[in-house]
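Below is one structure, written out as structure tokens; the observations come after it.
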Amino acid sequence: EIMLNEIRIDLPSHAVFIKKNQLTLTGKEYDLLLFFIANKNKVITKNAIAEHLWGDDMDQNDSFDFIYTHIKNLRKKMLEADAEDYIKTIYGIGYNFSTQ
């Protein structure tokens, strides 16, 4: 189990809770949240996110629209469940999952 402020993740069941609210996340959103938490308070580049989520299947010539979509959806679901807005966009670089 991972606990971070109001976020609780039950690893065996892949269940994510914000306070008492269970989030319904896609597989990629779940993986993205774990990656953000593992790298909290660090700047993560879009390339690092793409490589983590898609590995060798990632074509570096593709646009990052799919990353923006997954992050937008994850952020929206977390905010709707009454979480803080942890996901900060670092313009031109990537993202920072900030718990400060």
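The values are calculated or read from the model by the stated rules, or taken from the named source; none is laboratory data. Treat the numbers as computed from the prediction; the structure is a model and nothing was measured. Quick reminder, even Gly has a Cβ in these numbers, built from the backbone with ideal geometry, and neighbours come from all protein chains shown. We work out accessible area using only protein heavy atoms, side chains counted, and drop any ligands, DNA or RNA first. Shrake-Rupley method; radii C 1.70, N 1.55, O 1.52, S 1.80 Å.
Worth a mention:
- Residue-normalised accessible area of the chain, expressed per residue, 1.4 Å probe, Å²: 60 Å²
- Stretched out straight at 0.36 nm per residue, the stretch from residue 99 to residue 22 would grow longer than its current Cα-Cα span by 25.7 nm.
- Exposure rank, largest accessible area first [65, 85; 1.4 Å]: 65, 85
- On Cα atoms only, tilt of 65-80 relative to the major axis of the chain in degrees: 10 degrees
- With both labels modelled 7 Å from their Cα along Cα-to-Cβ, the residue 76 to residue 42 distance reads 3.0 nm.
- Distance between the 7 Å Cα→Cβ label points at residue 30 and residue 68: 2.8 nm.
- As a calculated quantity, the FRET efficiency between residue 10 and residue 91 at R0 = 41 Å, using C-beta atoms, amounts to about 0.75.
- Between helix 27-38 and the chain: long-axis angle, C-alpha atoms, 0 to 90°, nearest 10: 80 degrees
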